[in-house]
Amino acid sequence: DFGRSSELAFVVEPSDDIAVQEQPLILYCQVEGIQPITITWRKNGVMIVDSENAFMLANGSLYVSRFQRVRGDGSSDEGEYDCMAQNHYGLVVSRKAKIQAATMSDFHIHPQNAVVEEGGVARFQCQIHGLPEPVILWHKNSMPVNTDNERYTLLPKGVLQITGLRAEDSGIFHCVATNIANVKFSREARLTVSGSRSSVYKDPMILVGPENLTLTVHQTAVLECIATGNPRPIVSWSRLDGRPIGVEGIQVLGTGNLMISDLTVQHSGIYVCAANKPGTRVRRTAQGSLVVQAPAEFVQHPQSISRPVGTTAIFTCVAQGEPPPQITWLRNGQILETSDHIKLKNNNSTLSIYGINQADEAIYQCLAENSAGSTQASARLTVLWADGLPSPPQAVRAETVSATTIQVSWEKPLQNTKEIIGYVLHIRKAADPVEMEYQEAVSKSTFQQLVTDLEPSTSYSFYIKAYTSRGASKASEVTVVSTLGEVPAMPSLFIKVINSTTVQATWEPSIKLGQHEGFKLYYRKVHLSQYTGPVLLASNVTAYNITHLDASMVYEVKLLAYNQHGDGNSTVRFVSLRETVERTVLNPPCDCMKDEQANKTSTTGIIIGIHIGVTCIIFCILFLMFGYRGRLLMCKNVQEQLSTPQIPRSQRSATGLVLNGATRRDRDDRDLNGKQLDMNELERLFPVSPSLEQQEKGITSAHSPSAPHDETQISTLPLDEFSVIEEQPDPLPKNPHGSNPAAPAPDHGPANEG
């Protein structure tokens with residue numbers, strides 16, 4: 001038996017039983033362990049004293065000589081029995097055995113007369129209660145029914161089904177109920193088979209559907225379903241949850257009864273019986289629930305352990321069953337009560353014992369119980385204690401230093417101090433459970449410890465243990481002290497100017513400030529020493545308007561939170577109303593509707609302006625590109641014109657200077673309309689220097705063989721400074737001979753106008 005305490009454990013425990021009236025009863029109990037072992041019995045929690053009727057045998061079993069359900073004094077031998085075993089290691093209690101008296105009641109359902117046509121179905125039922133469950137058999141004409149006949153089906157609950165009725169099935173039927181308590185007979189019922197098989201169509205119909213059943217694992221369940229109809233319906237079974245019924249342990253009795261052997265918890269569910277008309281979807285259904293219970297059994301047993309004094313012992317006991325079992329812990333046979341150092345967790349599956357001492361040494365039992373049964377398992381706790389360990393530290397004191405700090409001091413133990421290697425300070429909030437305790441290690445030469453990071457206004461408990469390489473001393477006396485209260489933290493203050501005489505102070509919600517009762521608000525003009533206030537505000541207030549201020553002054557605003565421990569640190573802000581007044585004068589209040597319309601108009605204008613600007617830029621770029629190209633061509637033609645032989649100045653006014661090109665005889669007729677250069681303008685722009693006339697080489701104009709030579713000095717013309725004035729050409733003088741061969745022919749090439 002896994003997890004059993006080797007010092008004391010059960011080998012055989014009493015089991016549930018049904019006793020027969022006036023018959024002897026034996027309840028078995030066998031224990032192993034270290035002798036001497038004492039065994040006693042209890043019934044319903046009361047110790048059984050040996051008597052003539054009930055006494056304990058030498059092997060520890062209980063013998064009841066004449067079991068009686070009710071005795072003359074009103075007592076009964078029925079009840080819950082358990083066996084207790086004890087030695088010097090502890091005490092254990094067996095599982096509870098439920099003892100009941102065998103009984104049988106009268107029949108409360110008897111078979112009824114029936115008249116059924118040939119080929120139909122007959123059903124008889126009788127019902128009776130008893131302990132143990134009575135076995136019911138059927139008799140026909142005072143003879144047991146032939147169960148080898150496949151048309152006869154006997155169900156465990158006292159039902160007889162006869163299908164495909166024939167004339168020879170007519171007769172008188174009754175049932176016989178038997179158990180260890182009695183044998184009883186039901187009343188008789190007559191079955192009459194009439195007429196011949198009918199061919200009239202009948203819809204399928206379920207005569208009797210399945211009942212709701214509650215059984216225990218390993219038992220057998222029979223779900224009844226009997227249907228009639230013409231043609232004979234087909235009976236089928238399914239689960240309402242859609243899961244398959246399976247085949248193992250499944251059997252069909254008669255024409256449609258479902259029997260499930262060796263039940264498990266997985267068989268629990270709602271079962272549906274369907275009667276189907278062959279070849280169609282016409283069907284009738286009936287359903288019943290099956291609940292399978294399982295007695296409690298252990299998945300994990302508690303284990304015997306040994307632990308030094310002052311440490312923690314943990315026992316784990318996990319049980320399963322259907323319904324889920326309840327777990328109870330015993331200590332030496334008595335129900336274990338929780339305390340500060342004994343805790344139960346995880347639905348009582350885990351037992352924790354903190355700071356164990358020698359008084360905790362015992363046998364601990366886990367009892368798992370549900371409606372289907374109970375079981376128990378035990379384990380022993382051994383507390384290790386070494387001789388020569390130090391005595392507990394002395395004179396433990398704790399003094400409050402601040403809201404988060406306490407100083408603990410102590411004196412060394414009175415005995416066995418040579419082997420001490422250090423001390424351990426155990427710290428816990430006084431209101432917390434023991435498992436929330438934490439420790440701080442201290443060197444052996446230190447007799448005080450500053451405990452920090454504590455919570456304000458909170459009580460803490462402290463105790464000390466001295467440790468050696470062989471174990472720890474017992475715990476010192478526990479001392480409890482509280483930390484000081486803490487004032488609230490600084491609030492975050494913000495100032496907003498509402499108008500020229502009002503400002504609004506706002507701050508964070510109170511939850512961020514710790515424990516506090518409210519706020520105090522002060523304000524003053526910066527050149528004054530006296531504050532206005534305090535203005536007392538509740539803890540849930542987060543804003544306050546300060547009114548009737550001087551618009552020309554600068555103000556100081558101060559806010560702090562307070563509680564029963566005092567005022568917290570304040571937050572200070574400065575605010576000037578002068579700038580607000582100046583901004584109001586410079587920027588008077590606007591008409592919002594007008595501003596909105598103006599904004600819309602301004603936006604439209606901006607968009608149009610952007611389009612116009614882009615268009616102008618494009619035209620400017622094109623103009624510059626073509627203008628620059630024209631100037632290049634123009635300057636080139638002028639240079640060519642100026643570099644050709646020139647006519648005398650006296651003749652220029654008459655002949656003119658043709659721009660951009662030399663004479664071309666094939667275009668003389670069109671030359672009269674050409675554009676001429678204003679020579680006066682050229683002379684004004686480009687005067688001829690006398691010195692240059694002497695230095696530069698003259699250019700001879702040879703328009704005719706007889707023309708005199710005229711030397712003309714040419715100046716260099718920068719392109720960027722060159723401009724042309726366009727004028728109407730003067731009429732050319734008439735040649736007396738009808739032509740002017742000496743006149744230069746105008747060039748009809750491209751001309752650039754500037």
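The values are calculated or read from the model by the stated rules, or taken from the named source; none is laboratory data. Computed from a predicted structure; not experimentally measured. Please note: Cβ atoms are built from the backbone with ideal geometry, for glycine as well, and neighbour counts cover all protein chains shown. What goes into the accessible areas is simple: the full protein's heavy atoms, side chains included, and nothing from ligands, DNA or RNA. Shrake-Rupley method; radii C 1.70, N 1.55, O 1.52, S 1.80 Å.
Projecting label points 7 angstrom from Cα along Cα→Cβ for Val478 and Ile335 puts them 2.5 nm apart. Separation of the alpha carbons by more than 21 angstrom is noted, of Lys429/Lys465; Lys140/Lys184; Lys418/Lys444; Lys525/Lys558; Lys345/Lys474; Lys98/Lys157, for Lys345/Lys474; Lys98/Lys157.
Short-range pairs are left out: with C-alpha atoms under 8 Å and at least six residues apart, the relative contact order of region 301-384 is 42 percent.
Phi-derived couplings, Karplus 6.51 cos²θ - 1.76 cosθ + 1.60 at θ = phi - 60°, listed residue by residue for region 9-19: 7, 8, 9, 10, 10, x, 10, 4, 8, 10, 9 Hz, with x used for Gly and Pro. Accessible area per residue was computed with a 1.4 Å probe on protein heavy atoms; Ile250 scores about 40 Å².
Let me know the shape class of region 183-270, please: from the alpha-carbon gyration tensor, a ≥ b ≥ c as square roots of the eigenvalues, rounded when a/c is under 1.5, otherwise prolate if a/b is greater than b/c, or oblate.
Oblate shape, in that a/c is at least 1.5 and b/c is the bigger or equal ratio.
The stretch between Thr216 and Gln35, if pulled fully straight at 0.36 nm per residue, gains 61.3 nm over its current Cα-Cα span. Summarising the label geometry, the points placed 7 Å from Cα in the beta-carbon direction at Gln300 and Asp17 lie 3.6 nm from one another. If the chain linking Ser492 and Thr285 were pulled fully straight, counting 0.36 nm for each residue of separation and taking away their Cα-Cα distance, it would gain 67.2 nm. Protein heavy-atom accessible surface, 1.4 Å probe, per residue over region 9-101: 52 Å². Each of Ile250 and Ile314 was given a label point 7 Å from its Cα along the Cα-to-Cβ line. The distance between the two points is 4.5 nm.
Note on Glu411: accessible area approximately 100 square angstrom, rounded to 10, probe 1.4 Å, nucleic acids and ligands left out.
Taking 0.36 nm per residue of sequence separation and removing the Cα-Cα distance, the His129/Asn347 pair yields an extension gain of 74.7 nm. A cut-off of 5 Å between modelled amide H atoms, ignoring neighbours fewer than 5 places along the same chain, links Leu131 with Thr103, Met104. Annotation: amide H of Gln303 within the under-5 Å range of Thr316, sequence separation 5 or more or interchain, hydrogens built in the peptide plane. For Glu118, put the label point 7 Å out on the Cα→Cβ axis and report which residues of region 190-204 keep their amide N under 12 Å from it. Inside the label zone: 193-199.
Quick one: ranking Arg380, Arg42 by accessible area, 1.4 Å probe, largest first, what do you get?
Reading off the accessible areas and sorting them downward yields Arg42, Arg380.
For region 387-482, averaging the sequence separation of C-alpha pairs within contact (under 8 Å, six or more residues apart) and dividing by the residue count gives a relative contact order of 38 percent. Among Phe447, Phe619, Phe173, the order of accessible area from largest down is Phe619, Phe447, Phe173, computed with a 1.4 Å probe on protein heavy atoms. When only Cα pairs below 8 angstrom with a gap of at least 6 residues are kept, region 104-198 shows a relative contact order of 38 percent.
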